[in-house]
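Q: Before I ask anything, let me first share the structure, which is written out below as structure tokens.
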Amino acid sequence: MSFCRNGKSRHEHQEVMSSAPRLTDETGLQVLIAESHDAPVLLFKHSTRCSISSMALNRLESSEMPLRFHLIDVIANRPVSNKVAEVLSIHHESPQLLVIHRGECVYEVSHLEIKPAEICKELEALNSK
């Protein structure tokens, strides 16, 4: 059996250590979609069982470019994670970063393609429209 540094099996759920606002229910998803009509909304789908997801989260949080994003723990909140995929018509992956604008997912990247500089470029392009 493989163990993480905290002594838990890598298959056990671990608490997410992030200050990002959490998306934990379908009501919250509807609020985010409504907010996306005023400005683009970023949603990071994070798996606490995946080292690549932890690396992507660290990239987002330590970026020189301030990115305000909401986080969904796909292990602890599987039903709402599935609802995100259904409502936004996307294929579920984790880690995955979504940009929601005017009620639709307009940009989606996953795994090692989650790069703050590229996300900022996408946001700038949306804001210039």
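Q: With a ≥ b ≥ c taken as the square roots of the eigenvalues of the C-alpha gyration tensor of the range 19-88, please select rounded if a/c is under 1.5 and otherwise prolate if a/b is larger than b/c or oblate if it is not?
A: Numbers: a/c = 2.34, a/b = 1.17, b/c = 2.01.
It comes out oblate by the Cα gyration axes.
Q: If you don't mind, there's one more thing I want to ask. What ranking do 106-116, 35-45 get when scored by the average of other Cβ atoms within 10 Å per residue, highest first?
A: 35-45, 106-116
Q: Would you mind calculating the relative contact order of the range 26-127 from Cα pairs under 8 angstrom and at least 6 residues apart, reporting the percent as a whole number?
A: Across the range 26-127, relative contact order equals 36 percent.
Q: Shifting gears a bit: Residues in the range 40-57, backbone N under 17 Å from the label point at His111 (7 Å along the Cα-to-beta-carbon vector): list them, ranges by number please.
A: Within reach of a label on His111: 45-57.
Q: OK, next. Obtain the nm distance between the two label points defined at Glu86 and Glu124 by a simple spin-label model: each point lies 7 Å from its Cα along the Cα-to-C-beta direction.
A: Label-label distance for Glu86 and Glu124, simple model: 3.9 nm.
Q: With label points built 7 Å along Cα→Cβ from the Cα atoms of Ala76 and Ser63, find their separation and express it in nm.
A: 2.3 nm
Q: Something else now. With everything on Cα atoms, drop me the angle between helix 26-35 and the longest principal axis of the chain, reported from 0 to 90° to the nearest 10.
A: Helix 26-35 sits at roughly 40 degrees to that axis.
Q: Calculate how steeply helix 116-127 sits against the longest principal axis of the alpha-carbon atoms of the chain, using the helix alpha-carbon long axis, and give the answer as 0 to 90 degrees to the nearest 10.
A: 20 degrees
Q: Whole Å is fine, so just give me how far the alpha carbon centre of the range 48-81 lies from that of the range 87-129.
A: Answer, in whole Å: 13.
Q: Which of the listed residues, Leu71, Leu98, Leu112, is farthest toward the dipole's positive end in the chain, when Lys, Arg count +1 and Asp, Glu count -1 at the beta-carbon?
A: Leu112
Q: Which entry is the computed mean projected area of the Cα convex hull in nm² for this structure: (1) 7.9; (2) 10.7; (3) 8.8?
A: Recomputing mean projected area of the Cα convex hull in nm² here gives the entry labelled (1).
Q: A further question on this structure: Between helix 51-62 and the chain, what is the angle of the helix's C-alpha long axis to the longest principal axis, kept within 0 to 90° and rounded to the nearest 10?
A: Taking Cα atoms only, the helix is inclined about 50 degrees.
Q: May I pose another question? Taking the Cα centre of the range 72-129 as origin and charging only Cβ (+1 Lys, Arg; -1 Asp, Glu), how large is the dipole, in debye to the nearest 20?
A: With only Lys, Arg, Asp and Glu charged at Cβ, the dipole is about 140 debye.
Q: Something else now. Net charge within 11 Å of Gly28 by Cβ-Cβ distance, Lys/Arg positive one each and Asp/Glu negative one each, not counting Gly28 itself?
A: Once positives and negatives cancel, what remains is -1.
Values in this text are rule-based calculations from the coordinates and carry no lab data. Fair warning: this is a prediction, and the values are worked out from it, not measured in the lab. Please note: Cβ atoms are built from the backbone with ideal geometry, for glycine as well, and neighbour counts cover all protein chains shown.
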